[in-house]
1. For the subset of region 1-30 comprising residues that are acidic (Asp, Glu) and touching a residue at least 60 places away in the same chain (Cβ under 8 Å), which member is surrounded by the fewest Cβ atoms within 10 Å (Cβ to Cβ)?
2. So the check is Cβ under 9 Å with 6+ separation or different chains; which pairs have a first residue in region 120-147 that's on the phi < 0 side of the Ramachandran plot and a second one that's at pLDDT below 85 and small (Gly, Ala, Ser)?
3. Can you pull out the residues in region 107-120 that are loosely packed, with under 13 Cβ neighbours inside 10 Å and either at pLDDT 90 or above or over 14 Å from Ser141 (Cβ atoms) (or both)?
4. Residue under question is Arg142, and the condition is that it be open to solvent by 100 Å² or more (accessible area, probe 1.4 Å), closer than 26 Å to Leu28 by Cα and at pLDDT 90 or above; does it hold?
5. Scan region 10-63 residue by residue and report those that are of a type in the set (Asp, Glu) and not in a loop (DSSP other than H, G, I, E, B).
6. Within region 90-107, can you find the residues that are out of contact with any strand residue (DSSP E or B) (no Cβ under 7 Å at 6 or more places or on another chain) and more than 12 Å from Asn40 (Cβ to Cβ)?
7. Can you go through Val99, Val135, Val86 and tell me which one is under 25 Å from Glu17 (Cβ atoms), modelled with pLDDT of 90 or more and buried (at least 18 other Cβ atoms within 10 Å of the Cβ)?
8. Residue by residue through region 31-53, note down the ones that are open to solvent by less than 60 Å² (accessible area, probe 1.4 Å) and within 11 Å of the chain's Cα centre (by Cα).
Amino acid sequence: MKKVKDFITRDLTSVTEDTPLKEVAELLSIRELIGIPVVNKKNEVTGWISETDIIASIFPEKVKIENPDVIHLMNISQVVKKLTQVGQAMVRDYMIKDVYFVDEDTPASYVVELMLHKDFKRVPVVRNKRLVGIVDRSSLSRILLEEGSMD
């Protein structure tokens with residue numbers, strides 16, 4: 001049976017709760033990521049921050065769809081003001097604190113179920129609570145195609 005350690009990406013890209021959101025947005029863009037783990041000084045996973053969290057912090061309930069062909073946003077000065085405020089905010093203010101993670105010996109089939117049921121695209125992998133990598137949908141897909149199964 002395949003386990004997470006068979007297809008883990010040993011990517012330790014992470015941020016701390018004190019990282020400004022502006023830096024997170026830049027990191028996500030540069031690394032072409034959709035989200036990254038938040039860790040403490042011991043490299044233990046304490047949260048998750050994604051591009052969706054950042055966008056929601058800028059436009060919480062500000063997008064109204066009155067007509068499917070027209071989307072109205074708040075006026076541009078409000079957007080600029082909000083971008084400035086959010087850019088200076090810290091990860092701790094917007095991160096998801098209830099994070100799912102798996103360890104290296106977790107069966108691949110469990111990770112597939114988790115990703116499908118929770119609509120996750122990336123899941124942190126830990127050893128003794130410390131971040132050791134990431135498992136993502138593309139890795140799972142590659143293994144499935146190469147091996148033909150999770151067994």
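The values are calculated or read from the model by the stated rules, or taken from the named source; none is laboratory data. For clarity, every value in this text was computed on a predicted model and none was experimentally measured. Ideal geometry is used to build each Cβ from the backbone, glycine not excepted, and the neighbour counts take in all protein chains shown. Ligands, DNA and RNA are stripped out before the accessible areas are found, and what is left, the full protein with its side chains, is counted by its heavy atoms. Shrake-Rupley method; radii C 1.70, N 1.55, O 1.52, S 1.80 Å.
1. The selected residue is Asp18.
2. Lys121/Ser138
3. Correct list: Glu113, His117, Lys118, Asp119.
4. Details: open to solvent by 100 Å² or more (accessible area, probe 1.4 Å): yes; closer than 26 Å to Leu28 by Cα: yes; at pLDDT 90 or above: no.
So Arg142 does not fit the description; no.
5. Keep residues of region 10-63 that are of a type in the set (Asp, Glu), which gives 11, 17-18, 23, 26, 32, 44, 51, 53, 61.
If the condition is that a residue be of a type in the set (Asp, Glu) and not in a loop (DSSP other than H, G, I, E, B), then Glu23, Glu26, Glu44, Glu51, Asp53 are the ones that fit.
6. The initial filter retains those residues of region 90-107 that are out of contact with any strand residue (DSSP E or B) (no Cβ under 7 Å at 6 or more places or on another chain), namely 92-93, 98.
Asp93, Asp98, listed by residue number.
7. On the way: Val99 fails: buried (at least 18 other Cβ atoms within 10 Å of the Cβ); Val86 fails: modelled with pLDDT of 90 or more.
So the residue among Val99, Val135, Val86 that is under 25 Å from Glu17 (Cβ atoms), modelled with pLDDT of 90 or more and buried (at least 18 other Cβ atoms within 10 Å of the Cβ) is Val135.
8. Of all residues in region 31-53, those open to solvent by less than 60 Å² (accessible area, probe 1.4 Å) come to 33, 35-40, 43-50, 53.
Scanning region 31-53 gives Leu33, Gly35, Ile36, Pro37, Val38, Gly47, Trp48, Ile49, Ser50, Asp53.
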